[in-house]
Structure formats: C-alpha cells, structure tokens
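Comments concern the structure below.
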Amino acid sequence: MISQRMQDAMNQQIQHETFSAYLYFSMAAYFHSKGLDGMAHWMKAQAQEEFGHALRFFNHINERGGRIELYALDQPDHEWNSPRDAFNAALKHEQFITGKINDLAKLADDENDRAAGIMLQWFIEEQVEEEDSVNKVLDLLNIAGEQGPGLLMADRELEQRVPGAILPPGETI
Ligand SMILES: [Fe+2]
Ligand SMILES: [Fe+2]
C-alpha cells in the first residue's frame, strides 16, 4: 500500500511529466513553423518519452493500491526567440524535473518506502541522461551555429534520433 503523501506526490509528478510532454509538443510545433523538421522530430520523440515517464508513475500508484488523480495542465509557451532559446528552456525545465525527482526520493527515504525508492532510482539515472542529451544539442548548436548551412546540419543531425521504448521491456500499458 502506498502512503497518502507518496500518492499525492506521485500524482503531482504525473502532472509534471505530462506537462513535459505538452511543452515538448509545443516546441515541436515551433520548430515545424520554422521549417526545422529535424528539431521538431527530436522534440516529438522527447514528448513521447515524457508520456512514458508519466505512465511509470501511473502504473506504480495503481500497482500499490493507490488512486490516480489527474490534475489540470498549464498552457505551455509556444514561441521562442531561437532554437537555442527553446533548447535552453528545455534544459531549465529538465533541471526543475530533476529537483522534483530528488524531492520524491527524499520522501521515499523519509517514509522508508523501499518500493518507491527502487522505482525512483531509474528516474534519478534518467534525469542525468535527460540533462545531458539537451546539453549535447546546445553544444551542437554552439559548434554548427544558428544560421544557414550550420543550422541545417544541426537540424539533419537531430532528425536521426530514434524514439526509445515508452515502457521497460515486459511492461505493457
Ligand atoms: Fe520526464
Ligand atoms: Fe530520456
């Protein structure tokens, strides 16, 4: 059985992860509007991954006899000043999410909730990967530049991203 506090915190995290998907869809729409379909593709793949994150919390609450409650989502931004500005906003958002995951891990420690602790271990590692992958795109934009052939090259590079599995192997929706 999951505690009320952990259930509430994980329901909040479903909201954060779903908002992440919403934000990255919005960024994908922005990139399409600029003709940067590779960057849009990268953001759609990321949005799909975020939906998977929300599902992991959804399934965890459900498997432990808790009750899922879906909270309202804010409207995400829909305009950025440049590709770099959008990816900077993505990095800032992932840093915010890392803080939320750390708060959940702290709560699991405080409540001696081992099941949540194990489940959150994956997210702690995932957040390292999330921040790193956005940082790598920012590095790419620094190297290639944000105009003309450099920008086109960066866009083509990001088009190569292969969307990962939404849930771990063996787990189904
Ligand atoms: Fe996430
Ligand atoms: Fe990831």
Legend entry - Selection within region 43-59 - of a type in the set (Phe, Trp, Tyr) and either farther than 20 Å from Leu120 by Cβ or within 16 Å of ligand 2 (Cβ to nearest atom) (or both): Phe51, Phe57
Inset, instruction - Report, by residue number, each residue of region 45-71 that is aliphatic (A, V, I, L, M) and either free of Cβ contacts under 8 Å to residues at least 40 places away in the same chain or assigned to a helix (DSSP H, G or I) (or both). - result: Ala45, Ala47, Ala54, Leu55, Ile61
Inset, instruction - Can you give me the number of residues within region 33-44 that are within 13 Å of Leu158 (Cβ to Cβ), open to solvent by 10 Å² or more (accessible area, probe 1.4 Å) and part of a helix (DSSP H, G or I)? - result: 4
Inset, instruction - Return the residue satisfying two criteria in turn: it lies in region 60-84 and is open to solvent by 80 Å² or more (accessible area, probe 1.4 Å) and under 18 Å from the mean Cα position of the chain (by Cα), and of such residues it is farthest from Trp122 (Cα to Cα). - result: His78
Legend entry - Tabulated pairs, region 134-154, first within 18 Å of Met27 (Cα to Cα) and free of Cβ contacts under 8 Å to residues at least 24 places away in the same chain, second open to solvent by 100 Å² or more (accessible area, probe 1.4 Å) and of a type in the set (A, V, I, L, M, F, W, C), C-beta under 9 angstrom, 6+ apart or interchain: Leu140/Met153
Inset, instruction - Only residues that are farther than 30 Å from Glu159 by Cα, acidic (Asp, Glu) and open to solvent by less than 30 Å² (accessible area, probe 1.4 Å): list them for region 107-147, please. - result: Asp113
Inset, instruction - For Lys92, state whether it is open to solvent by 90 Å² or more (accessible area, probe 1.4 Å), away from ligand 2 (no atom under 16 Å from the Cβ) and closer than 18 Å to Gln12 by Cα. - result: no
Legend entry - Filter result for Ala40 (more than 16 Å from ligand 2 (Cβ to nearest atom) and more than 18 Å from Leu70 (Cα to Cα)): yes
Legend entry - region 129-159, residues that are more than 19 Å from Ala86 (Cβ to Cβ) and more than 18 Å from the chain's Cα centre (by Cα): Pro149
Inset, instruction - Determine which member of the set Asn102, Asn112 is over 17 Å from Glu49 (Cα atoms), among the polar types (S, T, N, Q), away from ligand 2 (no atom under 16 Å from the Cβ) and under 19 Å from the mean Cα position of the chain (by Cα). - result: Asn102
Inset, instruction - Output yes when any residue across region 59-79 is within 21 Å of Arg156 (Cβ to Cβ) and of a type in the set (A, V, I, L, M), and no when none is. - result: no
Inset, instruction - Would you mind finding the one in Phe87, Phe25, Phe57 that is of a type in the set (Phe, Trp, Tyr), open to solvent by 20 Å² or more (accessible area, probe 1.4 Å) and either closer than 15 Å to Val137 by Cβ or modelled with pLDDT of 95 or more (or both)? - result: Phe25
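The values are calculated or read from the model by the stated rules, or taken from the named source; none is laboratory data. Here the structure is a predicted model, which is why all the values come from computation and not from measurement. All Cβ positions, even for glycine, are placed from backbone atoms using ideal geometry, and neighbour counts span all protein chains on display. These accessible areas exclude ligands, DNA and RNA; they are computed on the full protein's heavy atoms, side chains included. Shrake-Rupley method; radii C 1.70, N 1.55, O 1.52, S 1.80 Å.
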